[in-house]
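> Quick one: the structure is below, questions incoming.
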Amino acid sequence: MEIFQLVGIAFLTAIAAILLKGTKPELALAVTIAGSVILLLFVFDLLKDSVSIFQTIASSTGIELSLVKIILKMIGIGYLVEFSAGILTDFGQNALADKLVFCGKIIVLVLAVPIIEEVLSLIVRILGLIE
């Protein structure tokens with residue numbers, strides 16, 4: 001199972017960072033970042049195989065594929081921002097982590113505009129049918 005590999009990478013990264021923190025703190029930071037990047041790349045590799053499922057869902061439900069892509073981008077941004085903010089918090093950069101989360105929320109809001117437009121358009125069409 002992939003989860004055991006992910007946990008192993010995370011623990012090895014943490015142990016290496018802890019061992020280096022006392023003697024070479026700058027290397028501890030680099031090891032942590034490298035381990036985090038490896039974890040992300042590993043998960044992205046797993047996810048790329050699952051994206052075709054969303055294309056199938058979009059075609060079978062009649063939802064535009066562009067809207068599904070936007071939703072996937074929003075989810076990805078949310079996870080990436082949370083992951084990155086956690087790393088920043090681990091290094092004592094709480095203020096920067098908070099700013100990153102805020103910026104991520106703004107980006108998600110901007111990405112949501114086409115979805116909001118589509119929902120409002122659907123409501124107008126439904127109300128037009130009722131009258």
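> Along the charge dipole of the chain, pointing to its positive end and built from +1/-1 on Cβ of Lys, Arg, Asp and Glu, which listed residue (Leu12, Ile126, Pro25) has its Cα farthest out?
The listed residue farthest towards the positive side: Pro25.
> Can you pull the semi-axes for the chain, root of five times each eigenvalue of the Cα gyration tensor, sorted largest first, whole Å?
Working from the Cα gyration tensor, I get semi-axes of 40, 20, 8 Å.
> Once fully extended, how much extra length lies between Glu2 and Ala14, figured as 0.36 nm per residue of separation less the alpha-carbon to alpha-carbon distance?
2.5 nm
> Suppose each label sits 7 Å from its Cα in the direction of the beta carbon; what would the Lys69-Ile57 distance come out to in nanometres?
1.7 nm
> For segment 67-117, what does the relative contact order come out to in percent, with C-alpha contacts under 8 Å and a separation of six or more?
Relative contact order here is 47 percent.
> Place a +1 charge on the Cβ of each Lys and Arg in the chain and a -1 charge on the Cβ of each Asp and Glu, then give the dipole magnitude about the Cα centre in debye, rounded to the nearest 20.
Rounded to the nearest 20 debye, it is 280 debye.
> Roughly how tilted is helix 2-21, in degrees to the nearest 10 and between 0 and 90, from the longest Cα axis of the chain?
40 degrees
> Another question about this same structure. Across segment 79-84, in residue order, what do the Karplus-derived ³J(HN,Hα) couplings come to in whole Hz, using 6.51 cos²θ - 1.76 cosθ + 1.60 with θ = phi - 60° and x for Gly and Pro?
Each residue's phi maps through the Karplus curve to give 5, 5, 5, 4, 4, 5 Hz.
> Viscosity 1.002 mPa s, temperature 20 °C: what is the translational diffusion coefficient of segment 1-44 from Stokes-Einstein with a Kirkwood Rh over Cα pairs, rounded to a whole number of µm²/s? The partial results should precede the final answer.
On the way: Rh = 10.5 Å.
Once the numbers are plugged in, D ends up at 204 µm²/s.
> Could you list, in their original order, any pairs among Lys69/Lys105; Lys24/Lys99; Lys48/Lys105 whose Cα atoms are separated by more than 22 Å? Each step should come with its number before you reach the end.
Values: Lys69/Lys105 17 Å; Lys24/Lys99 28 Å; Lys48/Lys105 24 Å.
Where the Cα-Cα span goes over 22 Å, the pairs concerned are Lys24/Lys99; Lys48/Lys105.
> Nearest 500 deg cm²/dmol is fine: what mean residue ellipticity at 222 nm does the chain get from its DSSP H runs of n ≥ 4 alone, each adding -39,500 (n - 2.57), divided by its residue count?
On the way: 5 runs with 118 residues, N = 131.
About -31500 deg cm²/dmol.
> Give a residue-ordered list of calculated ³J(HN,Hα) values for segment 44-57 (Karplus: 6.51 cos²θ - 1.76 cosθ + 1.60, θ = phi - 60°; whole Hz; x for Gly, Pro).
4, 5, 5, 6, 4, 6, 8, 5, 4, 4, 5, 5, 5, 4
None of the figures in this text is laboratory data; all of them are computed from the coordinates on show. These numbers come from a predicted model, not from an experiment. A quick note on method: Cβ atoms are made from the backbone with ideal geometry, for glycine too, and the neighbour counts reach across all protein chains shown.
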